[in-house]
Amino acid sequence: MSDLSPGDVALLEAQLPVGILMPDDQTMRLVHVKPGVIEAHVGPAAESVTTTDGLVFWFSEAATTDLKVNRVATLNLLAVSDFSPRMVPLLRGPVLATSQLAGHPDGLTLAQMKALHRESGPPVWWVNWVLHVRVERDRQHRT
């Protein structure tokens, strides 16, 4: 988390509940988790997948037909879940990672943020290769 923007630092200093937004432009940034955050960043028809660490990845299922794969979000989901590189869902469009309280998004805990920094599992080169093959097959299938 050494590459925090001034906006990210301000959110953390204000001690507001935060989630991690992964737009489809290969970046990540913090956002304030408050009512309407899913609709504002993902859209009104949001779906979610929850990991064993309690991280919830919110994404728009309706957007999956038109948008390219969000590699950053897919790799983050792979890093914190029990999915294999061959089985991880290919997330598309903007994705928001939060925790969840009573079925609603909640701010991430420190442990959940640290889980996103874990580096375990198969070698990175192999994961990237498998995802590249899957994304290319998916792209060819859709055209």
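Summary table
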| quantity | calculated |
| --- | --- |
| Carbon + sulfur, % of accessible area of segment 11-143 - ligands and nucleic acids excluded, 1.4 Å | 56 |
| Segment 65-107: relative contact order as a whole-number percent, Cα under 8 Å and 6+ apart | 38 |
| Percent of Cα-Cα distances greater than 20 Å, calculated over the chain | 46 |
| Residue-count net charge about GLY7 - beta-carbon cut-off 12 Å; Lys, Arg +1, Asp, Glu -1 | -1 |
| Segment ASN128-GLN26, extension gain: residue separation times 0.36 nm, minus the distance between their alpha carbons | 35.3 nm |
| Cα gyration tensor category, rounded, prolate or oblate, for segment 29-101 with a/c compared to 1.5 | oblate |
| Probe 1.4 Å, accessible area per residue of the chain, Å² | 58 |
| Karplus 3J(HN,Hα) series, Hz, for segment 40-55 with 6.51 cos²θ - 1.76 cosθ + 1.60 (x for Gly, Pro) | 5, 10, 10, x, x, 9, 7, 10, 8, 10, 10, 8, 5, 7, x, 6 |
| Formal net charge of residues neighbouring SER60 (Cβ-Cβ distance under 15 Å; K, R +1; D, E -1) | -3 |
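The values are calculated or read from the model by the stated rules, or taken from the named source; none is laboratory data. All values derive from a computational prediction rather than experimental measurement. Don't worry about glycine lacking a Cβ; one is built from the backbone with ideal geometry, like all the others, and counts go over all protein chains shown. Accessible surface is based on the protein model in full, side chains and every heavy atom, while ligands, DNA and RNA are left aside. Shrake-Rupley method; radii C 1.70, N 1.55, O 1.52, S 1.80 Å.
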